[in-house]
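Trainee: Handing you this structure, nothing more for now.
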Amino acid sequence: MSSGTRSWIPWVAAAGVGSLTAVQSRANGSLGTILESGLHASVVSFAVGLTLLTVSGLAITRIREGMIRFLKALGSGEMPWWWAMGGIFGALFIFSQSFTVGIIGVALFAVALVSGQNSASLIVDAVGLGPRGKQPISTVRVISAAIGIVAVIVAVSGRLGQDDLSLPAVALCFVTGIGVAIQQAINGRSTTISREPMVAAWSNFALGALIITILLGIVVVSGAGTLRPLPAGPWWLYLGGIIGVTFLATTAWVVGRVGVLAISLLVTAGQLTGALVLDVFLLDVVDGALIAGVLLSFAAVALTAAGGRVKARVSRRESS
């Protein structure tokens, strides 16, 4: 396989894992409906993912050695403690999704989240928080981020305005998007230490599961909700945690190769594509607005990739 072909593998991987999040949303959403609690469904999803990661870590030498490097670096101070805090932002995502979608709707949640994520990705890359180092804000990158936001607005345009507008809820979703961008950056950083993306996923699931379980406990103890028995099936209801593991491990590996903005755009493009495919095959519905959103999102990805190649060529000329 040529180096040119290999250079596209991270881009395809990020878009592919992004498409799986559409399946994850459907699985967790369906489980949440059955349990009458999105938070309860999230705890189940985290538990499945954490169990899978822990068993894999104990059974697979490469992952176990990565965990040891991760914990040693954390204990010695070689790795700043906040590089291991990605799970906080994962828990924030679940919290905001569980408590704002019912207020502002899925469409506005998606727009606010991606707006925060793309905006923050520009800054996160510019200050060099991610493992790829500093990537200055440029006109091309700003336009790419803006097109990515417009793509989501277009994709969900048919559903905007159907729910009440709550500015605090929108603000929470926007802040959550900022947290997602930071999470991707520090997961990439911790992966440079452990040299194993699954370890970043494990640390995220461990901390996220703890926070979400505490939140669910507070809800139950306060009488604001009750725990219902888990359904016996169908099996795909429990895919959320497995997809979450795949997503976190893949993005932790990819972010060091493409940067935070690019991975945000790629995941969004993949997610919209996955939603389109599910609509066609499960609902037999072809949504023109969603198709337009998919095309715009990939246009943003292409613009970012082109800008990166131009910058690389200029840098090579200046160094020669």
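Trainee: Which shape class, rounded, prolate or oblate, goes with segment 95-203 when its Cα gyration tensor gives a ≥ b ≥ c as root eigenvalues, a/c under 1.5 marks rounded, and past that a/b bigger than b/c marks prolate?
Mentor: Note, shape of segment 95-203 comes out oblate.
Trainee: Also, quick follow-up: May I ask you to derive the relative contact order of segment 130-242, considering only C-alpha pairs under 8 Å and at least 6 residues apart, and to give it as an integer percent? Spell out each step's value before the answer.
Mentor: Details: 22 pairs, mean separation 30.6, N = 113.
After rounding, I find 27 percent.
Trainee: Given the options GLY270, GLY307, GLY18, state which has the largest fluctuation in a GNM of the chain using a 10 Å cut-off (strictly under) for Cα springs.
Mentor: Result for the chain, Cα springs under 10 Å: GLY307 fluctuates most.
Trainee: A further question follows. Evaluate E = 1/(1 + (r/R0)^6) for SER138 and ASP284, where r is the Cβ-Cβ distance and R0 equals 30 Å; express this FRET efficiency to the nearest 0.05. Don't skip to the answer; put the middle values down first.
Mentor: On the way: r = 43 Å, r/R0 = 1.42.
That gives a FRET efficiency of 0.10.
Trainee: For a test of the definition: using alpha carbon positions, the gyration tensor, and the 1.5 limit on a/c, classify segment 25-130 as rounded, prolate or oblate.
Mentor: It comes out oblate by the Cα gyration axes.
Trainee: Could you point to the residue in ILE94, VAL106, SER166 farthest towards the positive end of segment 58-189's charge dipole, with +1 and -1 charges on the Cβ of Lys/Arg and Asp/Glu respectively?
Mentor: Towards the positive end, the residue furthest out is ILE94.
Trainee: Return the equivalent ellipsoid semi-axes of segment 185-251 as a descending list in whole Å, where each equals the square root of 5 times an eigenvalue of the C-alpha gyration tensor.
Mentor: For segment 185-251, the ellipsoid semi-axes come out as 29, 17, 7 Å.
Trainee: Given all pairs of different Cα atoms, what value in angstroms does the Kirkwood hydrodynamic radius of segment 235-284 take? It would help to have the intermediate numbers written out before the result.
Mentor: Working: mean 1/r = 0.0810 Å⁻¹.
After inverting the pairwise mean of 1/r, the radius is 12.3 Å.
Trainee: If I model a spin label as a point 7 Å beyond the Cα along the Cα-Cβ vector, how far apart are those points for GLU78 and ALA171 in nm?
Mentor: Label at GLU78, label at ALA171, 4.3 nm between them.
Trainee: Which FRET efficiency, nearest 0.05, do ILE218 and VAL12 yield, Cβ-Cβ r, R0 41 Å?
Mentor: Numbers: r = 41 Å, r/R0 = 1.01.
Rounded to the nearest 0.05, the efficiency is 0.50.
Trainee: Follow-up. Compute the Kirkwood hydrodynamic radius of segment 22-80, taking the inverse of the mean of 1/r over all pairs of distinct Cα atoms, and give it in Å to one decimal. If you can, show how the numbers build up before the last one.
Mentor: On the way: mean 1/r = 0.0737 Å⁻¹.
Averaging 1/r across every pair of different Cα atoms and inverting gives 13.6 Å.
Trainee: Which shape class, rounded, prolate or oblate, goes with segment 154-284 when its Cα gyration tensor gives a ≥ b ≥ c as root eigenvalues, a/c under 1.5 marks rounded, and past that a/b bigger than b/c marks prolate?
Mentor: Here segment 154-284 falls in the rounded category.
Trainee: Looking at the chain, do any whole DSSP H helices span at least 30 angstrom along their long axis by alpha carbon and average -1.0 or above on Kyte-Doolittle, and which?
Mentor: Numbers: long enough: 9-35 (38 Å, 0.84); 38-59 (32 Å, 1.63); 86-127 (35 Å, 1.59); 167-194 (40 Å, 1.04); 197-221 (36 Å, 2.14); 288-319 (47 Å, 0.74).
Long hydrophobic helices here: 9-35, 38-59, 86-127, 167-194, 197-221, 288-319.
Trainee: Quick check for me: using +1 on Lys/Arg Cβ and -1 on Asp/Glu Cβ, what's the dipole size of the chain about its Cα centre, in debye to the nearest 20?
Mentor: 1260 debye
Values in this text are rule-based calculations from the coordinates and carry no lab data. A quick note: this is a predicted structure, and the numbers were derived from the prediction, not measured. Note: ideal-geometry Cβ built from the backbone for every residue, glycine included; neighbour counts use all protein chains shown.
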